């Protein structure tokens with residue numbers, strides 16, 4: 001009953017063995033996967049995979065690093081795809097101040113446009129945040145993103161920031177970093193925040209959990225994220241798997 005809420009099976013890293021990767025996920029109890037598209041090629045591939053596999057869903061959005069490349073046509077494409085029965089969220093979207101490809105003001109404008117679109121099409125949003133927490137919180141508040149809610153993908157912030165996000169109708173999602181020995185903040189948040197507000201993900205092929213850190217990530221490894229949270233909370237793996245899966249289905253409107 002594991003739900004990988006953020007995977008990039010549309011990445012070139014899976015071109016040679018995608019079916020084997022999917023088979024391993026199913027063998028490890030992964031029952032649902034959201035494949036996230038963030039530009040034209042990855043959005044197109046996410047839709048293909050969602051149409052091919054009944055347990056795969058798609059999210060469509062525009063990544064902040066590439067905000068400078070987004071056109072009005074791209075926004076219209078995202079709006080059209082939002083009506084697809086297998087599209088369950090818009091994103092990933094947000095702000096990324098680590099890479100400097102897209103100016104901050106352009107990133108903010110593209111972020112605001114996508115939040116407005118999400119409210120129009122009534123879909124939750126998936127937030128990418130890298131070194132931009134204060135501005136992201138400010139924009140989410142100003143744009144009333146709580147109306148649709150969503151998920152703070154691969155959360156690395158503090159307990160205080162997590163609580164602010166939860167107050168705005170967002171889930172806190174953990175990936176591989178919560179399994180790292182030196183990841184103090186994610187561990188604190190995973191321990192402190194009630195399970196009803198948590199999701200799990202891989203962000204594969206990136207952020208591979210311990211003990212495979214440094215290798216290509218894949219959805220079957222989401223179990224290590226669930227195990228780490230269970231250990232931190234002193235509860236069973238099964239409880240974490242079941243509740244985070246229920247949370248994801250609720251957020252994404254999946255009734256199957």
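Every number here is computed from the coordinates shown, using simple stated rules; none is lab data. Fair warning: this is a prediction, and the values are worked out from it, not measured in the lab. Neighbour counts are summed over all protein chains in view; Cβ atoms, including those assigned to glycine, are modelled from backbone coordinates with ideal geometry.
Listing for the model above:
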| item | result |
| --- | --- |
| DSSP bridge pairs, segment 2-252: antiparallel proportion in percent, nearest 5 | 0 percent |
| Alpha-carbon radius of gyration plus Dmax, which is the widest Cα pair, for segment 5-117 in Å | 14.7, 45 |
| Convex hull per residue volume in Å³, alpha carbons only, for the chain | 114 Å³ |
| Radius of gyration, Dmax [segment 118-201; alpha carbons; angstrom] | 12.5, 42 |
| Cα-based equivalent ellipsoid, segment 69-221: semi-axes from gyration tensor eigenvalues, Å | 26, 18, 16 |
| Whole-angstrom gap from segment 209-256 to segment 103-141, using each part's C-alpha centre | 26 Å |
| Candidates 225, 106, 151, ranked by Gaussian network fluctuation over the chain, Cα under 10 Å, top entry | 106 |
| Principal axis box of segment 199-256, alpha-carbon based, largest edge first, Å | 35, 26, 13 |
| Packing-based exposure ordering (other Cβ within 10 Å, fewest first) of 8, 153 | 8, 153 |
